[in-house]
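Data block below; observations after.
None of the figures in this text is laboratory data; all of them are computed from the coordinates on show. Everything numeric in this text was worked out from a predicted model, so none of it was measured. In this analysis, Cβ positions are derived from the backbone assuming ideal geometry, glycine residues included, and neighbour counts consider all displayed protein chains.
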Amino acid sequence: MKPSLSLMILSLLLGACSHSTPMPPPGVAAPASWQSAHSLHHLQVSQQQWWKQFASPELDRLISQAQVGSYDLAAAMARVRQARSTAVIAGAPLLPQVQFGADASHEKLLRGHGYSQLDANDDNKALDSFGTRLNASYEVDFWGGKAAAHDSALQSLKASEFDRDTVELTLLSGVASNYVQTLALDEQVRIARLNLANAQRVLHVVQTRHDAGSATALELAQQKSLVASQQRYIPLLEQQATEARITLAVLLGQPVQSLTLGDTLFSQLHWPTIGSGLPSQLLSRRPDIASAEARLVAASADITVARAAMLPNLTLSASIGSGADHFSDILRSPFYNLGAGLAAPIFNNGRLSAERDRATARQQELLQSYRGSIINAFADVEKALNSISGLDRQRQWQDEELKQAQLAFDIAQHRYSVGADMLLTVLQTQRTLYQAQDLHVQLRMARLQASIALYKALGGGWLASAGDS
């Protein structure tokens, strides 16, 4: 075979083997629109600091503390630095490795005549030698395995950066949600105390009438039972409020004793109008989806690495140096050395083919995880939109429920005080009013948390370009 023809065939062979494995398509089609009625707001969510939309300076301060003090976020940032160093390590074999060395030796025969492996002998009992050398070695990346390993490490770095963004988004949404819960529980405690005070006023009326003989012992016992029930409920709410504060402090990376909250009232919190945009835009908004995609690309590169390990590798080496018996003559005898080595796997009991199969299976696993993350992202948005829609409808009727419950209690209390109605009516309207007031707070808390959940589901203003570095 002619040399030119052999070179052409070798070039074609190298070109056929060195290409990277293409990444399979996602295989998940985005729906045309969201199912919820709130999907009519096709607005971009580009606000990076989404928490500022709630117009709460206290929440802004807590978010800033979490960004600085959270240990989970600090750990995620450390993982990014690890991945960056790993990428540098993976890229090192793409260039030759150069080493410098210098040595000196002193050899002396203590007694006897010496032997064949010893430079010193009976005539020359002490010898000195000095040398310097500069070595360079390079493994030719015929099959693209080294470049693929570097690409895999770079994609893993991107995935680590996206994971950091996911941790931050989860952290900040957790801070906002726990802050809302803390204020809501404080409001529930306040309402419970007001209702307890009101129940004690009614008890005073019942006691007065009982002492006058116009109220029965049963009526007095019923009202005392209601007062005791409301007194029991307050410690429970206070316990839950303390636990919410402890959770909030943990998210901020500080003990609860250091947590300070302002005098913001729960009623002062309001939720913004959030546009959900189109489902197709969600793929560029969520850092967890971007992370899954980066890991899938890295797995595709790992297949190329595994395939390259099954093929021969060529290593080139070169060195230049000098040596002498006296240090002053060390540079007077320079020399160089060139070398090349070819190694090919012959038998490894199926290890290399198993590595390739494992890399392929890993890619298939991450492909399914990537598809699953997309479906889960769509579901998260749908759940948040559905929650907002349902809570808005509930609150519309609950406002009327609270209004009528207050009116009914006022009427019943007045009628009982003048002897025109039974205490049972007052007790029923008391319970109804308290339940309506408590439910009003719970629905407002759920509505605020649903807005936070929607921001999180939409990526919290995160965009794909923001995660690249």
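Shown here for segment 294-373: trypsin sites (Lys or Arg not before Pro) in loop regions (DSSP other than H, G, I, E, B) with at most 11 other Cβ atoms within 10 Å, namely Arg332.
Order the peptides 283-291, 308-316, 248-256 from the highest to the lowest mean number of other Cβ atoms within 10 Å of their residues.
On the way: 283-291: 22.4, 308-316: 15.8, 248-256: 18.1.
Top to bottom by mean Cβ count within 10 Å: 283-291, 248-256, 308-316.
For the chain, hydrophobic long helices are taken as DSSP H runs at least 15 Å long by C-alpha position along their axis with mean Kyte-Doolittle hydropathy of 0.5 or more; these are 3-17, 287-308. Packing here is the average count of other Cβ atoms within 10 Å per residue, and on that basis the peptides 84-91, 448-455, highest first, run 448-455, 84-91. A straight line joining the Cα centroids of segment 413-451 and segment 227-260 runs 24 Å.
Report the charge-dipole magnitude of segment 72-183 in Debye, nearest 20, computed about the Cα centre from +1 at each Lys and Arg Cβ and -1 at each Asp and Glu Cβ.
Dipole magnitude for segment 72-183 comes out near 200 debye.
Here Cα extents along the principal axes in Å was calculated from the structure, and among (i) 64, 57, 45; (ii) 133, 63, 41; (iii) 80, 47, 43 it sits at label (ii). Among 317-323, 260-266, 126-132, 148-154, the peptide with the highest mean count of other Cβ atoms within 10 Å heads the list, and the full ranking is 148-154, 317-323, 126-132, 260-266. Once the Cα-Cα distance is subtracted from the 0.36 nm per residue extended length, the Thr264 to Leu127 segment shows a gain of 40.7 nm. Modelled spin labels at Lys108 and Leu311, positioned 7 Å past Cα toward Cβ, are 5.8 nm from each other. With a cut-off of 18 Å on the backbone N, the residues of segment 146-188 near the modelled label site 7 Å out from Val88 along Cα-Cβ are 150-158, 160-161. Here's the picture: charge each Lys and Arg Cβ at +1 and each Asp and Glu Cβ at -1 in the chain, and of Ala159, Val305, Pro287 the one pushed furthest to the positive end of that dipole is Pro287.
Annotation: amide H of Leu127 within the under-5 Å range of Glu107, Lys108, sequence separation 5 or more or interchain, hydrogens built in the peptide plane. Under a 5 Å amide H cut-off, with hydrogens placed 1.01 Å from N, Phe142 pairs with Leu314 among residues at least 5 apart or on other chains.
Classify segment 368-449 as rounded, prolate or oblate from the Cα gyration tensor: take a ≥ b ≥ c as the square roots of its eigenvalues, call it rounded if a/c is under 1.5, otherwise prolate when a/b beats b/c and oblate if not. Prolate is the answer for segment 368-449, as a/c is 1.5 or above and a/b outweighs b/c.
Given 0.36 nm per residue, what is the gain on full extension from Leu407 to Leu95 after removing their alpha carbon distance, in nm? Intermediate results must be reported in sequence, preceding the final value.
Values: separation 312, 0.36 × 312 = 112.32 nm, distance 8.25 nm.
This chain segment gains 104.1 nm when fully extended.
Using the alpha-carbon positions of segment 170-241, Rg (one decimal) and Dmax (whole number) come out as 17.7, 62 Å.
Rounding to the nearest 20 debye, state how big the charge dipole of the chain is about its Cα centre with +1 on each Lys and Arg Cβ and -1 on each Asp and Glu Cβ. Mind dumping the intermediate values first?
Numbers: 39 positive and 41 negative charges, 163 e Å.
My answer is approximately 780 debye.
Simple spin-label estimate for Arg190 and Leu118 gives 9.6 nm between the two label positions (7 Å along the Cα-to-Cβ direction from each Cα). Cα centroid separation, segment 117-169 to segment 309-388: 12 Å.
What is the extension gain from Ala228 to Asn135, computed as 0.36 nm multiplied by their sequence separation minus the C-alpha to C-alpha distance, in nm to one decimal? Please report the intermediate quantities before stating the final value.
Values: separation 93, 0.36 × 93 = 33.48 nm, distance 8.78 nm.
Net length gain for the segment: 24.7 nm.
Rounded, prolate or oblate, given the Cα gyration tensor of segment 200-344, with a/c below 1.5 counting as rounded? Prolate is the answer for segment 200-344, as a/c is 1.5 or above and a/b outweighs b/c.
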